[in-house]
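Trainee: First the structure, which I've put down as structure tokens, then a few questions once you've had a look.
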Amino acid sequence: MFNLFRENTKIALGSIRAQMLRTILTIFIIGLGVWALVGVLAAVAVLESSIMGNFAVMGTNTFTITRYDTSGQIGRQNDADVRENPIVTYPQARAFQEKYNFPGAKTSLSFTAASGVEVKFGEKESDPEVTVLGADENFLPNSGLETTQGRNFTNFDISNNNYVCLVGADFEKGILKDVNPIGQTIAIRGAKFKVIGVLKGRGSTFGNRQDLNLIIPVQLARSLYSAPNIDYTVKVSIANPDFLDGAVGEAILSMRRIRKLAPVAKENFGIERSDELLETLKSETDTLAAAAWVIGIITVFGSSIALMNIMLVSVTERTREIGVRKSLGAKKGTIAMQFFTETLVICIFGGIIGLILGLLTGFGLSAIMNASFPMPWVATFAALGTIVIVTIVSGLYPAVKAAALDPVEALRYE
């Protein structure tokens, strides 16, 4: 049996070399189908890893109080939502922080002080894309952030308005390259800050370069950036995730009292729970994965039809050869296995090329997004399964048709 397969493989390779142009086109068709399947699945894996990773670091024991709730409408926020709810002012955020005393809860205040800022270090200048955040000492742990060098803010830094800052990971690649960033002095619109910590890299999400963020004490940010209608964000972490429901309920009651809402009035603020947000994101990525499978299956189906037609043409062109082989004693099984093996060899070549291109697509996307590249094992096994399916679908009928040819009629074929 092995000798027969080896002989059929030699014949298949000889036929492939004899019809090089047709073979290249066929391999390209199969490779395109596998590329579409593996490439889209690999891209979805990168997106899921990037998006889910950025939110999963917060854990399932946090929630955020904002002007409106976007957890159920990711990517679908509109102007009506913004106009409906008043902003969360500093007095309101501060009052919540003082009055909310749920056991084991830590509350942080933050706001976006400025965006598109240029930062200077000596003679060096950063890209004018830096976002300055005002935050307190609880902002990092409540947001799932951590430092790779230096330290976080302390209560002393916040209460005394110390001119200190935390910088994103991209600063080490930019103006703070080749120097120890801790203890260096940088200038932000004329104000000088001492770097006390470098944040761990988080990559980019939908074009938002999070590693270019710069964080300064919240009170100091309020005095330096006094823009009107500043909207504050309150983040709360709970020591025990089992008490999250109770913590959220008490937070809603506290915020309603602070916003002076009537008992029957609807909340004019949003509560975004990290666990619900993760579930929403998981649902979105699952939809993308399902769409990827549909696209891949359609492409593979089209590739199978194209390959079958090409193999049927090959059978027609080699009818006389089949007749000669049958007249010399070749059995139907031998003829069928010859054409089936030829289809298998073409599919293997096409599958390997498509798999490599698909993985390169996912790797390229991860490099563009500055995110990790998880090995898409599902996509890899899908490619192997695709090769088997395409071989069976595309090679079985032409092989059976070739084996069923009458040797006398085949010898008469011109």
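Trainee: List the number of the failed condition for residue 335; all other conditions in (1) more than 29 Å from residue 41 (Cα to Cα); (2) out of contact with any helix residue (DSSP H, G or I) (no Cβ under 6 Å at 6 or more places or on another chain); (3) modelled with pLDDT of 75 or more hold.
Mentor: The number of the failed condition is (2).
Trainee: Is there a residue being outside any loop (DSSP other than H, G, I, E, B) and of a type in the set (D, E, K, R) anywhere in the stretch 174-196?
Mentor: yes
Trainee: Considering only the stretch 115-126, I want to know if a residue exists there that is among the hydroxyl-bearing types (Ser, Thr, Tyr) and at pLDDT 90 or above.
Mentor: Within the stretch 115-126, not a single residue is among the hydroxyl-bearing types (Ser, Thr, Tyr) and at pLDDT 90 or above.
Every residue, every condition in (1) among the acidic types (Asp, Glu); (2) in contact (Cβ under 8 Å) with a residue 24 or more places away in the chain; (3) touching a Leu at 6+ places or on another chain (Cβ under 7 Å), yes or no:
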residue: 243; (1), (2), (3): no, yes, no
residue: 250; (1), (2), (3): yes, yes, no
residue: 260; (1), (2), (3): no, no, no
residue: 265; (1), (2), (3): no, no, no
residue: 286; (1), (2), (3): yes, no, no
residue: 296; (1), (2), (3): no, yes, yes
residue: 304; (1), (2), (3): no, yes, no
residue: 326; (1), (2), (3): no, yes, no
residue: 331; (1), (2), (3): no, no, no
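Trainee: Taking residue 343, is it under 30 Å from the mean Cα position of the chain (by Cα) and hydroxyl-bearing (Ser, Thr, Tyr)?
Mentor: So residue 343 does not fit the description; no.
Trainee: Okay, moving on. Restricting to the stretch 358-373, and then to whatever is surrounded by fewer than 17 Cβ atoms within 10 Å (Cβ to Cβ) and modelled with pLDDT of 75 or more, can you tell me which residue is farthest from the chain's Cα centre (by Cα)?
Mentor: 360
Trainee: Quick one: how many residues across the stretch 105-136 are assigned to a loop (DSSP other than H, G, I, E, B) and surrounded by 19 or more Cβ atoms within 10 Å (Cβ to Cβ)?
Mentor: Result for the stretch 105-136: 2.
Trainee: Please determine whether any residue of the stretch 340-350 is part of a helix (DSSP H, G or I), of a type in the set (Asp, Glu) and out of contact with any helix residue (DSSP H, G or I) (no Cβ under 9 Å at 6 or more places or on another chain).
Mentor: The answer is no; no qualifying residue exists.
Trainee: Could you check how many residues of the stretch 181-199 are touching a strand residue (DSSP E or B) at 6+ places or on another chain (Cβ under 8 Å) and either surrounded by fewer than 18 Cβ atoms within 10 Å (Cβ to Cβ) or not assigned by TED's automatic domain parsing to the domain that holds residue 127 (or both)?
Mentor: Number satisfying all stated conditions: 8.
Trainee: Give 52, 58 a once-over and let me know the one that is modelled with pLDDT under 80, within 30 Å of residue 377 (Cα to Cα), part of a loop (DSSP other than H, G, I, E, B) and not β-branched (Val, Ile, Thr).
Mentor: Selected residue: 58, the only one of 52, 58 that is modelled with pLDDT under 80, within 30 Å of residue 377 (Cα to Cα), part of a loop (DSSP other than H, G, I, E, B) and not β-branched (Val, Ile, Thr).
Trainee: Search the stretch 266-319 for residues being among the hydroxyl-bearing types (Ser, Thr, Tyr) and closer than 23 Å to residue 392 by Cβ, and hand back the single one that is surrounded by the most Cβ atoms within 10 Å (Cβ to Cβ).
Mentor: Among residues in the stretch 266-319 that are among the hydroxyl-bearing types (Ser, Thr, Tyr) and closer than 23 Å to residue 392 by Cβ, the one surrounded by the most Cβ atoms within 10 Å (Cβ to Cβ) is 303.
Trainee: Got a sec? Which of 349, 363 is farther than 30 Å from residue 202 by Cβ and assigned by TED's automatic domain parsing to the domain that holds residue 305?
Mentor: 349
Trainee: Can I ask one more? Tell me whether the stretch 200-220 contains one or more residues that are touching a Lys or Arg at 6+ places or on another chain (Cβ under 7 Å) and without any contact (Cβ under 8 Å) to a residue 40 or more places away in the chain.
Mentor: no
Trainee: For the stretch 153-162, state whether one or more residues are surrounded by 13 or more Cβ atoms within 10 Å (Cβ to Cβ), touching a Pro at 6+ places or on another chain (Cβ under 9 Å) and not in a loop (DSSP other than H, G, I, E, B).
Mentor: yes
Trainee: Also: Could you check the stretch 229-250 and list, in sequence order, the residues that are surrounded by 22 or more Cβ atoms within 10 Å (Cβ to Cβ) and under 21 Å from residue 87 (Cα atoms)?
Mentor: Matches in the stretch 229-250: 232, 234, 235, 236.
The values are calculated or read from the model by the stated rules, or taken from the named source; none is laboratory data. Worth saying up front: this structure is predicted, and the values here are computed from it rather than measured. For neighbour counting, all protein chains shown are included, and Cβ atoms are generated from backbone atoms with ideal geometry for every residue, glycine included.
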